[in-house]
1. Within 10 Å of each residue's Cβ, count the other Cβ atoms and sort A:L53, B:L31, B:L154, B:L476 from fewest upward.
2. In Å, the Kirkwood hydrodynamic radius of segment B:400-442 over pairs of distinct alpha carbons?
3. Roughly speaking, what is the centre-to-centre gap between segment A:73-142 and segment B:152-208 when only Cα atoms are used, to the nearest Å?
4. Might you report the magnitude of the Cβ-based charge dipole of chain B about its Cα centre, with Lys and Arg at +1 and Asp and Glu at -1, to the nearest 20 debye?
5. I'd like the FRET efficiency for B:R413 and B:E510, computed as 1/(1 + (r/R0)^6) with the beta carbon distance as r and R0 of 51 Å, rounded to 0.05.
6. What is the antiparallel percent of DSSP beta bridges lying wholly in the protein assembly as shown, to the nearest 5?
7. Considering the options B:Y280, B:F406, B:P151, tell which one lies farthest towards the positive end of the dipole of chain B, charges being +1 on Lys and Arg and -1 on Asp and Glu at the Cβ, about the Cα centre.
8. Taking the Cα centre as origin and putting +1 on Lys and Arg beta-carbons and -1 on Asp and Glu beta-carbons, what dipole magnitude results for segment B:248-321, to the nearest 20 debye?
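Coordinate-derived values only; no laboratory data. The model shown is predicted, which means the values in this text are computed figures rather than measured ones. When we count neighbours, we look across all protein chains shown, and the Cβ atoms used for this are built from the backbone with ideal geometry, even at glycine.
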Amino acid sequence: MRIGEIIESTSTHFVAEGFELNHPPALGSFVRVCVGEGCDLYGVVCYGETGSLDPGRRAVRRSTEESFDDQIYRESPQLEHVLRTEFTSLAVGVIERGEVLQCLPSQPPPLHFSVHGCSADETTLFTENLHYFRILLRASGLVPVEQLLAANIRQVHRGRGEDKDWLQRAAREAANLLKYDYDRLMTLLYAIEPTS
Amino acid sequence: MERSRLGVVTDGAFNTGLTVRLDADRSTEDLRVGEFVVIEGKSNRYFSMISDMQLRVSDPRLLSSPPDDAPPLVAHALAGTSTYATVEVKPMLMLDLTSDLDELRGPQSVRTIPMHFAALYEASEMDFATVFGKEGGTNFAVGTPVTMDIPICLRLDRFVERSNGIFGQSGTGKSFLARLLLSGIVTSRAAANLIFDMHSEYAFDKQTEDGHWVRGLRELLGSQVLVYSLDAEAAARRNVDVTLIIGLNQIEAEDIMLLADELDLTATTAATAGLLGDQYGDDWLRQLLAMSPDELAQFCQSSGAHPEATKALQRKLREVQRRGYLTEKASFSLIDEMVTALGKGRSAILEFGRHDSPLDYMLVANIVTRRVRRLYQQKMERFEETKAEADRPLQLMITLEEAHKFLNPTVARQTIFGTIAREMRKYNVTLMVIDQRPSGIDPEVMSQLGTRITGLLTEERDIDAVLTGVSGRSFLRGSLASLDTRQQLLLMGHAVPMPITVRTRSYDKEFYQDIQRGGRAQELPDVVATDIWAE
Ligand SMILES: Nc1ncnc2c1ncn2[C@@H]1O[C@H](COP(=O)(O)OP(=O)(O)OP(=O)(O)O)[C@@H](O)[C@H]1O
Ligand SMILES: [Mg+2]
């Protein structure tokens, strides 16, 4: 499913404008860009932001006693045209003719190409291997990396139908990668511990 | 055979051993210090011992705030990543997998170490068999690995070739092990045995600490074992072959020195015995005991002996004289006949019966052994002259309980046992010393013990003593300290390819059957009719 269009593209990450205001894809979820015949570039959503179309302008308060939240949008349909939602994804690999490569792509994805949400099957295929954790943990965005990885693990866990073995494997891999940073590791582990 | 993997080598040095990081699914609790393990290198297989284990954390912050009550996922993720264990492993032997020659020769001493990431495995039955050999002949099964049910063998021919020792606290199973080994030595004919049985526990049925009866060596091995007793009364009740009598003429000044402590003699007093010996020879003791005060004074004047010391000696030795097994004059014929039997490959147990005080034990063992040694020395000299194989004296092993009494640093230099430990290998006579406190034994003697078998020891001094002159003491120390209090032993030295911890074989019905099966196959050759022990 197309969910956005690339408006900024670099070797490490790409920014897309989302098609649905206020609803960027979930933090940590997988997205893909079809960059050629049978070749998809995979990314993990690492940041989302909604703001004014005009970068110089800040939003102003619109709620009243009677009208707030969703109702604001119903009453001011023009908001859809002056606001926009953007999200940033980290490039983490490519699937070319069914073969998974977890590394930075050789080319940034083309500007204005579509960003798709990933199906459960696509996510499952890409996450058989966990090398991409290393790329996530190197990210330099505003979201702390342990939170980003935790979000990703939660998303994939759900996407894979609550696969317990995968979760354990992921936890171990994360523990291995963060073994010299106990505090971050514990933040991550407690964040992915299933609540049930 | 599939071995189960424990971890990989990550660090190490030839001299100090290797560090192995345990696999995440392995717990230190499944391993034991002293355990026999195998490292699979590229071209060599290393038979090794676990010498130490450590718990590690990758980030020290974990130590200051350990995750208590960690939920399962967290705990699982931390184990083997942030928290992990390493074991220290010491290669003891290696097998060159690339050369066919080594397949034939078996494991060799270690000349190199494996590289990083060589895998560590639990030893399989095959590995034990490769290193310790198959049961049979002089390869005697003393026990099994702690966690497996396959035999660990001791080479009895090598065991008896040098003096050896069995140590351990009271109740660790020293005397039971001695019975096992003696049964094996007798049936495999590795050596003739002379056993000084202070507490009369070897020859006949005996009740164990847990209340059931076990068989004596005489009952198990029949006529291959002769029983001597010092105690005429007990001898009459039991199936004893010979009652041993000792003559005053057989007691030498050397014996008195040995007994100085038991008799509470000062050094001067003990030395007086020497002066008497110089003057009267064999007859010195009888002369001393018979001296009137005047005669005694006269002797002191003529020999320069100290009168008070001489009087004290006379008084003390008059007490000794009353022992039931002592007579005025005895010939050595009983002991000489015993040596003849030993020379034919039989074994002899000397029971002390009610004469089981240290004084009796030390006096008699010393006299008998002195004579035995003289005869063996003669045998050896004869063999060296004739060079005829038939004249080569059969190996003799003398079993000595409470060995520290004869081999403590003060007396070891003077007693015949000290001499045997130090030099009698030349004459084919060796000792099996049994003692609770190895620290009480002269270090020079300890260093001569080729094979040492030890049960649990707790005193630092004893542990040090038992490891005298052993390479890799620091890691054997760990294995020693981790032994159970009963029926677990550490074997090391000449008769085993590498040190190993074993669960001692049970001395029970099954063992009797094994021995009798093996024993029949190797029945003694017919004894000549004049042999007084022929049945
Ligand atoms: N191999 C064995 N088979 C059967 N029982 C054994 C064996 N080893 C030890 N035991 C049990 O342990 C008890 C003590 O063993 P043992 O008499 O050999 O100890 P020890 O080391 O000689 O002690 P001490 O130093 O007091 O003489 C035995 O009575 C027996 O019950
Ligand atoms: Mg004992």
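1. On the way: A:L53 10, B:L31 19, B:L154 28, B:L476 25.
Listing A:L53, B:L31, B:L154, B:L476 from fewest to most nearby Cβ atoms yields A:L53, B:L31, B:L476, B:L154.
2. Details: mean 1/r = 0.0977 Å⁻¹.
Kirkwood radius, segment B:400-442: 10.2 Å.
3. 77
4. On the way: 59 positive and 75 negative charges, 124 e Å.
Computed charge dipole of chain B: roughly 600 debye.
5. On the way: r = 44 Å, r/R0 = 0.87.
Here the calculated transfer efficiency is 0.70.
6. Details: 92 of 125 bridges.
Around 75 percent antiparallel, to the nearest 5.
7. B:Y280
8. Values: 5 positive and 13 negative charges, 51 e Å.
Computed about the Cα centre, the dipole is about 240 debye.
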